[in-house]
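Engineer: I have a structure here, written as structure tokens, and I will follow up with some questions on it.
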Amino acid sequence: MAKGKAKKSVKIDPEWQSVIKRNYATACFSLNNWLYLADDLIECATILESRVEETFIRARARARGVSQGPLAVHFMLIAYAVENLLKAAQVRANRFRYEQEFKDYEQMPKELKTHDLVSLAKMVGLKVDLQSEDLLRRLEQCAVWRGRYPVPTAYPEFSGSAVFSDGKQYKVTWFGGKDVERLKNLIEAIRTELNLHTLRSRLTRKKIERS
């Protein structure tokens, strides 16, 4: 694509425009759509857990050529799952307002476009201490670029630091051996505190409890 060339808009047949808009609104403001996609993302992330553990074992053994790729991708999937859960809570609380905004502006509400997990968590009433903010900031970085690209779109972000709610700057590029457990606890806490469990998530939890 040539530099500065704007992306062309999709042309929609006028006869279908109202149908597509109505279907979009139905899909966007459906609580279950956000919850079920979170379930799918968590299932895919679970498949990677053995690779994550293998990566840490090799790193502890100081093996050569250990890639952090599986860790970043695992974090990316969990980040998207957390994002979907938090946005599900937003949709449930603000559905009528969002529907009206969509009718007025024909765009997804701004609150549903962000990847800022800390802001989303606070919007839905979750308490975010420094420890949980660290986990959310690390997840967010992997969602925005680290789990998808070798570099971010803006070079300052490559410093690996983020400004936290206390105004201080901390590193968010590290991974820890207990992250998988911490992420599972985070998701369970979000589901429980915000009442976002699905039948699938409850069955998964029972299966884990029995094992």
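Engineer: Note down all Cβ pairs under 9 Å where the first residue falls in segment 94-116 and is over 24 Å from Ala81 (Cβ atoms), the second is surrounded by 14 or more Cβ atoms within 10 Å (Cβ to Cβ) and among the acidic types (Asp, Glu), and they're at least six residues apart or on different chains.
Structural biologist: So the pair list comes out as Gln107/Glu101.
Engineer: Is it fair to say Leu120 is out of contact with any Cys (no Cβ under 8 Å at 6 or more places or on another chain), assigned to a helix (DSSP H, G or I) and of a type in the set (A, V, I, L, M, F, W, C)? Outline the logic, then answer.
Structural biologist: On the way: out of contact with any Cys (no Cβ under 8 Å at 6 or more places or on another chain): yes; assigned to a helix (DSSP H, G or I): yes; of a type in the set (A, V, I, L, M, F, W, C): yes.
In short, yes.
Engineer: Within segment 29-60, can you find the residues that are among the polar types (S, T, N, Q), exposed (fewer than 15 other Cβ atoms within 10 Å of the Cβ) and closer than 17 Å to Arg182 by Cα?
Structural biologist: Ser50
Engineer: Something else: Take segment 162-177 and flag every residue that is free of Cβ contacts under 8 Å to residues at least 24 places away in the same chain and over 23 Å from Pro70 (Cβ atoms).
Structural biologist: Matches in segment 162-177: Val163, Gly167, Lys168, Gln169.
This table checks each residue for (1) closer than 22 Å to Val52 by Cα; (2) within 16 Å of the chain's Cα centre (by Cα).
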{"position": "Cys142", "(1), (2)": "yes, yes"}
{"position": "Val151", "(1), (2)": "yes, no"}
{"position": "Gln169", "(1), (2)": "no, no"}
{"position": "Gly177", "(1), (2)": "yes, no"}
{"position": "Arg205", "(1), (2)": "yes, no"}
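Engineer: If you don't mind, there's one more thing I want to ask. Mind checking which residues of segment 179-203 are more than 18 Å from the chain's Cα centre (by Cα) and touching a residue at least 40 places away in the same chain (Cβ under 8 Å)?
Structural biologist: Arg200 - this is the single residue of segment 179-203 that is more than 18 Å from the chain's Cα centre (by Cα) and touching a residue at least 40 places away in the same chain (Cβ under 8 Å).
Yes/no per residue for (1) of a type in the set (A, V, I, L, M); (2) assigned to a helix (DSSP H, G or I); (3) touching a Gly at 6+ places or on another chain (Cβ under 7 Å):
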site	(1), (2), (3)
Leu126	yes, no, no
Tyr149	no, no, no
Pro156	no, yes, no
Glu209	no, yes, no
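Every read-out reported here was derived from the displayed coordinates using simple, explicitly stated rules and does not represent laboratory data. Only a predicted model underlies this, so the values are computations on that prediction, with no experimental measurement involved. Counting neighbours? That spans all protein chains shown, and the Cβs are built from the backbone with ideal geometry, glycine included.
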